[in-house]
1. Can you name every residue in segment 28-63 that is open to solvent by 60 Å² or more (accessible area, probe 1.4 Å) and modelled with pLDDT under 65?
2. Which one is most open to solvent (accessible area, probe 1.4 Å), of the residues in segment 64-88 that are among the small types (Gly, Ala, Ser) and under 13 Å from Leu24 (Cβ atoms)?
3. Could you list, in sequence order, the residues of segment 89-108 that are closer than 22 Å to Val154 by Cα and either open to solvent by less than 20 Å² (accessible area, probe 1.4 Å) or polar (S, T, N, Q) (or both)?
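The values are calculated or read from the model by the stated rules, or taken from the named source; none is laboratory data. Everything quoted here is computed from the prediction, not taken from an experiment. All Cβ positions, glycine included, derive from the backbone under ideal geometry; neighbour counts span all protein chains shown. When the accessible area is computed, the model is the full protein with side chains, heavy atoms only, and any ligands, DNA or RNA have been set aside. Shrake-Rupley method; radii C 1.70, N 1.55, O 1.52, S 1.80 Å.
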Amino acid sequence: MFETILIDTYQNLPPLNKPANNTLLLLTWSTSVSQRSEHGPNGPLKVLANWAESEEGWNLYVRVAEEFQGHQTVEQLSLTMSALLSYRRLYPDFLDHSEQPITANYIADLDALLHGTSIGNSGKVAERLLFALARQLQSIGEDFGDIRQFLETVLDREPPQRHFFDALSDEYVRLRMSGRSHETTMIELTHGTSAELR
């Protein structure tokens, strides 16, 4: 089944078609598929959750978080962020149920999380960023229709109510979509032309 899903995804999103993405796509799609299927105490979602809590699962999460900080295409950024969210759906932080940022805003939360501070809302931050990415892709038009559909499937819920800090999340994602790294984007948001959004 997942082989078919991988083939279909790679056909629809050719820029993602590389062996290094197989694990990220399996994590992303298996989480989505498992949430829709029947599962008892030993069902597929429980097996995935146990894996996420393992050292192997955590090491993958750390590696993907590191990759996320580098220069990425729009398609790769979408997949990386989706994989981070999928992992946290399996193994949530203790504050992932809250819609509020923990520090100054969601981007400050993201920066803290990426620098090793455990503030407890990495799943919520990943979800907010995916919704921001979906909004930016929507504003571009049909050029990224396939990746927008991919994100809508991964998110699988209506967007949350707009938050005051979503404008900053939108700007962060817009800069990342242009190929900037996380570090460069943070510098621009703090000191550059986007300082008014702080």
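1. Those that are open to solvent by 60 Å² or more (accessible area, probe 1.4 Å) and modelled with pLDDT under 65: Gln35, Arg36, Glu38, His39, Pro41, Asn42.
2. If we filter segment 64-88 for residues that are among the small types (Gly, Ala, Ser), which is where we start, we get 65, 70, 78, 82-83, 86.
Now restrict to residues that are under 13 Å from Leu24 (Cβ atoms): 65, 78, 82-83, 86.
Numbers: Ala65: 17, Ser78: 0, Ser82: 0, Ala83: 2, Ser86: 1 Å².
By that ranking, first place goes to Ala65.
3. The answer is Leu90, Ser98, Gln100, Tyr106, Ile107.
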